Structure formats: C-alpha cells, structure tokens
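The values are calculated or read from the model by the stated rules, or taken from the named source; none is laboratory data. Just so you know, these numbers come straight off a predicted model, no measurement behind them. Cβ placement follows ideal geometry from the backbone for every residue including glycine, while neighbour counts extend to all protein chains displayed. Accessible surface areas use protein heavy atoms only, side chains included; no ligands, DNA or RNA. Shrake-Rupley method; radii C 1.70, N 1.55, O 1.52, S 1.80 Å.
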Number of protein chains: 2
Amino acid sequence: MRGRGRGPWWQDRLQGTGARITAPRELIIDILHQTDDHMSAADVYIRAHELNPSIGLTTVYRTLDMLTQLGIVQKFDFGDGKARYELVNNPNGKKHHHHLICLRCKTIMDYSEFLDEELEFVKKTAGKLSKKYNFDIQDHAISFYGLCERCR
Amino acid sequence: MRGRGRGPWWQDRLQGTGARITAPRELIIDILHQTDDHMSAADVYIRAHELNPSIGLTTVYRTLDMLTQLGIVQKFDFGDGKARYELVNNPNGKKHHHHLICLRCKTIMDYSEFLDEELEFVKKTAGKLSKKYNFDIQDHAISFYGLCERCR
DNA sequence: TTGATAATGAAAATCATTTTCAATATAGCC
DNA sequence: GGCTATATTGAAAATGATTTTCATTATCAA
C-alpha cells in the first residue's frame, strides 16, 4: 500500500478532499472492483442492496458521481438511456480499454488489444487537434458498433 | 436526383419502407439540414414549433427515431442526459467527422481533419477486432475530452 | 373520391436522475 | 473513550427526458 498507508489505495484519495470513509462508499467501490461488467447505477444499487439492505439508491448515485469527479470511476453513455460506470485504470483496476457495442442486443464488450496502434494514432491526432483548436485534450474514447457473434 | 426521382433524396428512402411523406417529417429533416449544431429532440421541437406550431414533441421523437433506424440520422449520447441527433454522411449531408467535448462547458465541436490517419488506424484495428471477436463492425466513434479554448 | 391504415398530437405514464430535508454517522479534538 | 461540528445518509418528492396510449386526422394506392 502507498500514501498514508492506513487503508486501501482509494481511501487516501477520498480523505485528501475532506471526504469521509463510510460503509456505503466502501461497499460501492468493492462492488465495482469485483465485476467486469459495465454497471448502471441501478445495477450497483441492486448488488449493494443485497449486501446491505439499508443502502439507498440516492447514495449510489451520489457516490458514483463523487468517484467520477475524483477520477476514480469513469462514466460512460452507450446510448441506452442509462449511464454506466467503471473503475478507472489504477493499480488494482482495469487497464486502458475501449468498447465493442452490439447494435442489436446492446451487449458491451471490452477490448484492450491493439493498443500500440491506437496509442500512435491517438498521440498524433490529439496533438494536431490540440494545436488547431487550442483544446486541452485529457482523455479519449473509441467505440466500435456492429453485430456481436450471437446477433450477426 | 436519383431513385424514383420524385422528390428530395431522402423521400425515396422513406417510401422504400412503406413510410409516408408528411409535413412534420419534411420539416424535421429540413431543420436538421439547416444546422451544424448537435440538436437534442427538444431543440428540434422548439425550432419546428416556430415554423409550424401544430407539431408535437412526440412526433419529433418518433421521427428522429425512425430516421435513426433508417440510418439517415445518427444519434449521439455525450453524457449530459439528452440524446443529440445529426444527419448522417450523405450526398447533401455532413461528412464523416468526430467530436471534441469540453468537460467543463459541455460544448461539442466537430472535427473532420486528419481522417487519413484515422482511416488507416480504424481499418487496421476494426479488421483485427472483427476477426478476434467475430464481431461484424459497422461503425465507429472517436471522441476526445478536455477543455476548450474558453475553459482551459 | 374513397377507404384502409399510417401518422399525428395531447395527455398520461415511465424511467433515470436530482433535490430536499430531517435523521445519522464520522473524524478530529479533548 | 466520549463530544461535537458537520459531512453523509435514506426516503420521498421533484425533475427532465423519453415513451405509451388512444382518439382524431392525413396520406396514398386503388
């Protein structure tokens, strides 16, 4: 462990902002840690509620929001009307990846292969865009849409 | 003009599916044609209503949906809770482009430069993904997130 | 012109997300 | 370990986008 070394890696991040370590927050981060899914707030709530029925949906939304602000979680919109959340790249988290989205069954798959080509392309393009539009580029997302194995 | 040559390019596309050409549909397509904005359904409704107050919001949603199904319009989700619509690449429409999204003011900018590098990268990556995941890739989206000129 | 039926608009219903607010829990301090 | 200021919580209500329902209207092939 790093930082103040008092608890899991993310606790230092929270405390650094004056935020408190609470049971709901621990639970929600745990849940995100234990899945590879692209969970909606409702998904997280259902799982959280199984483990601790006193947790409210409001808290789930608030926590996911806070974690997103802190950069611990990334929020995605795949076009089905609900936001999805994933732990961001970090010592214990998932690595950089993008998505394959099935237009028919709406399944979302991660892929993290071929990132070398991507890096090259992104670096080149981001640099040019940044210069041309005076835009401070901090992140990017690449999604491929089509039909998955079962739907094609 | 092409096809049955009776009216604007898109009318053939509609009629091909048995759909009827109606005043609201003409108006909504016109509105999308006349803007470079990334309009939400409400935006389209407001403009449509100015031009023809008898049009209802429901019809706007239904029409945008239908046009999306037909591939005449593309629907985007930039994460601010409302979907946005754009005419797709076509003889009279905009050309292939991607987006720069400001994390602070939520402004969305199009860019269509540097597509040669993109094409190369996308073709290579889509090919590999398609093979590896047995996924029939039909489209892709690339977005860069950061701070725009005014917000940085 | 007409008739079958696709399309429309208003209102109600749904669904995700946010706000409000009184009750509760945390962390720094003694 | 107890105490207190205040961050956090959960329930319920509010909001905002989108969808559904249904009776009325408009399109277009015959």
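Odds and ends about this structure:
- Residues of the range A:87-103 satisfying the condition of being at the interface with another protein chain (Cβ under 10 Å from one of its Cβ atoms) and surrounded by fewer than 17 Cβ atoms within 10 Å (Cβ to Cβ): A:L103
- Residues of the range A:72-101 satisfying the condition of being away from DNA strand D (no atom under 14 Å from the Cβ), of a type outside the set (A, V, I, L, M) and without any contact (Cβ under 8 Å) to a residue 24 or more places away in the chain: A:Q74, A:K75, A:N89, A:K95, A:H96, A:H97
- Within the range A:15-31, the set of residues being assigned to a loop (DSSP other than H, G, I, E, B), near DNA strand D (Cβ under 9 Å from one of its atoms) and of a type outside the set (D, E, K, R) comprises A:T17, A:G18, A:A19, A:I21, A:T22.
- Residue within the range B:39-50 that is away from chain A (no Cβ under 13 Å) and under 11 Å from the mean Cα position of the chain (by Cα) present: yes
- Residue match in the range A:62-71 (condition: out of contact with any Phe, Trp or Tyr (no Cβ under 7 Å at 6 or more places or on another chain), away from DNA strand D (no atom under 16 Å from the Cβ), open to solvent by less than 50 Å² (accessible area, probe 1.4 Å) and assigned by TED's automatic domain parsing to the domain that holds A:R13): yes
- Hey, A:T58 near DNA strand C (Cβ under 9 Å from one of its atoms) and free of Cβ contacts under 8 Å to residues at least 40 places away in the same chain or not: yes
Each row is one residue, and each column tells you yes or no for (1) in a helix (DSSP H, G or I); (2) more than 23 Å from B:L100 (Cα to Cα); (3) among the hydroxyl-bearing types (S, T, Y).
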site	(1), (2), (3)
B:E117	yes, no, no
B:F121	yes, no, no
B:G127	yes, yes, no
B:S130	yes, yes, yes
B:H140	no, no, no
B:S143	no, no, yes
B:G146	no, no, no
B:E149	no, no, no
B:R152	no, no, no
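- Residue match in the range B:14-31 (condition: modelled with pLDDT under 95, open to solvent by 40 Å² or more (accessible area, probe 1.4 Å) and within 13 Å of the chain's Cα centre (by Cα)): no
- Selection over the range A:61-81 of residues that are within 14 Å of chain B (Cβ to nearest Cβ) and near DNA strand C (Cβ under 9 Å from one of its atoms) gives a count of 7.
- If the condition is being at the interface with chain B (Cβ under 7 Å from one of its Cβ atoms) and in contact (Cβ under 8 Å) with a residue 12 or more places away in the chain, then the range A:119-152 contributes A:A126, A:H140, A:A141, A:I142, A:S143, A:F144, A:Y145, A:G146, A:L147, A:C148.
- Residue in the range A:33-45 that is exposed (fewer than 14 other Cβ atoms within 10 Å of the Cβ), under 24 Å from B:G81 (Cα atoms) and within 12 Å of DNA strand C (Cβ to nearest atom) present: yes
- In the set A:K106, A:K123, A:K131, only one residue is among the basic types (K, R), open to solvent by 40 Å² or more (accessible area, probe 1.4 Å) and within 16 Å of DNA strand D (Cβ to nearest atom); that residue is A:K106.
- Yes/no for A:K106 being of a type in the set (D, E, K, R) and either at the interface with chain B (Cβ under 10 Å from one of its Cβ atoms) or part of a strand (DSSP E or B) (or both): no
- Hits in the range B:109-119 - residues which are open to solvent by 40 Å² or more (accessible area, probe 1.4 Å) and touching a helix residue (DSSP H, G or I) at 6+ places or on another chain (Cβ under 8 Å): B:M109, B:E113, B:F114
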